[in-house]
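The values are calculated or read from the model by the stated rules, or taken from the named source; none is laboratory data. All values reported here derive from a predicted model rather than from experimental measurement. Don't worry about glycine lacking a Cβ; one is built from the backbone with ideal geometry, like all the others, and counts go over all protein chains shown. For the accessible areas, the whole protein counts, side chains as well, though only heavy atoms, and no ligand, DNA or RNA atoms are used. Shrake-Rupley method; radii C 1.70, N 1.55, O 1.52, S 1.80 Å.
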Amino acid sequence: MTALNSLTPTGLAAARKHTALPKADALVEALPWLARHRGRTVVVKFGGNAMVDDRLKASFAEDILFLYHAGLRPVVVHGGGPQIRRQLDRLGLESRFTAGLRVTSDETMDVVRMVLAGQVQRELVGLLNRHGPHAVGLTGEDARLMTAGKAYARVDGEPVDIGRVGEITDVDDGVVRALLDDGRIPVVSSIARSGEPSDAEDSGVFNVNADTAAAALATALDAEILMFLTDVEGLYLDWPHSDEVISRLTVTELAGLLPGLASGMIPKMRGCLDAVTGGVRSARVIDGRVRHAVLLEILADDGIGTMVVPDDPAHTGPRPDVDVCAPTALGTGPSGEDSTAVMRQERAA
């Protein structure tokens, strides 16, 4: 007989009450955040270990569904670097990078489209739709959601052609707004169409950086929050001498730090800077290795990652103020990802 079964009816009721009390406390604590963000658009870039770990994928889907049922308007943008690499290996195709960017031939672009729209997106849409007909998958090609121009890598200051890699030049967010107004969760793959006319069916399709795509879409949607899931805790204070994470940065502080960031974090922090400068109220970089990282970030006063806010104090979030000095060195975070700004700061008392 279990301990609960051995209790009297009065004792059983008391045990149930105390067991449920922490859940009630958590819901009450979240109430101000839910009220503040209700009806607001939240764009989340899905990436890092959260994309390849089944448990983390499931908890991410639960977080997005919680936001949806709490009255927020979530939009998910994703890439798929690990999955693309595995598929290229299976097909015997070489994965090459120049200046940190994947060289994308016509053959590689076919794999990118297949993996992003046919594998990563479908799996995520399936997880979200386990609890109802909520999620709809689309790519930047659909309804000309994202238009891109050809991007070049820079090597020793010179442009290098890296194939079908694009830089977003325009976002037509009508299809995403229509889905949101219809009560759906858009799940967007980071592929874009060329703005130039083309005779060939697929020659005008570009592979675009998912961080950049998420930032551009968040700006176009006037999103309340842009969130990047990655494999580090955020920007580190002084790695490897400290594993403390910078809690908050203003756009001016971030702009000063950006040239000194390690390469892995630059697209995310550039996306944060561009989005907040473009009107997004805050942008966050959070550790996607943590279960329910999205909820922990959005529903807690101190959050779990690095938040970027406008310079205007009236628009900053509730986190403690931060005094940021110039970066002193560069390093690699605990996960091994080269994605830290090592800098000195002091928290306000």
Checklist entry - Do we find that Thr212 is open to solvent by 10 Å² or more (accessible area, probe 1.4 Å), under 17 Å from the mean Cα position of the chain (by Cα) and modelled with pLDDT under 95 in this structure? => result yes
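Which of the residues that make up segment 168-193 are polar (S, T, N, Q) and part of a strand (DSSP E or B)?
The first filter runs over segment 168-193 and keeps only residues polar (S, T, N, Q), leaving 169, 189-190.
Scanning segment 168-193 gives Thr169, Ser189.
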Next on the checklist: For the condition closer than 16 Å to Ser190 by Cβ, open to solvent by less than 80 Å² (accessible area, probe 1.4 Å) and touching a Pro at 6+ places or on another chain (Cβ under 9 Å), what is the one hit in Leu101, Leu138?
Outcome noted: Leu138
Checklist entry - Among the residues of segment 231-252, is there at least one that is in a helix (DSSP H, G or I) and over 27 Å from Pro32 (Cβ atoms)? => result yes
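Determine whether His69 is over 17 Å from Gln119 (Cα atoms), more than 15 Å from the chain's Cα centre (by Cα) and open to solvent by less than 10 Å² (accessible area, probe 1.4 Å).
It is false that His69 is over 17 Å from Gln119 (Cα atoms), more than 15 Å from the chain's Cα centre (by Cα) and open to solvent by less than 10 Å² (accessible area, probe 1.4 Å).
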Checklist entry - Can you pull out the residues in segment 33-64 that are part of a helix (DSSP H, G or I) and touching a Lys or Arg at 6+ places or on another chain (Cβ under 8 Å)? => result Gly48, Asn49, Ala50, Met51, Arg55, Leu56, Ser59, Ala61
Checklist entry - Any chance segment 43-58 includes a residue that's open to solvent by less than 60 Å² (accessible area, probe 1.4 Å), modelled with pLDDT under 85 and over 30 Å from Val120 (Cβ atoms)? => result no
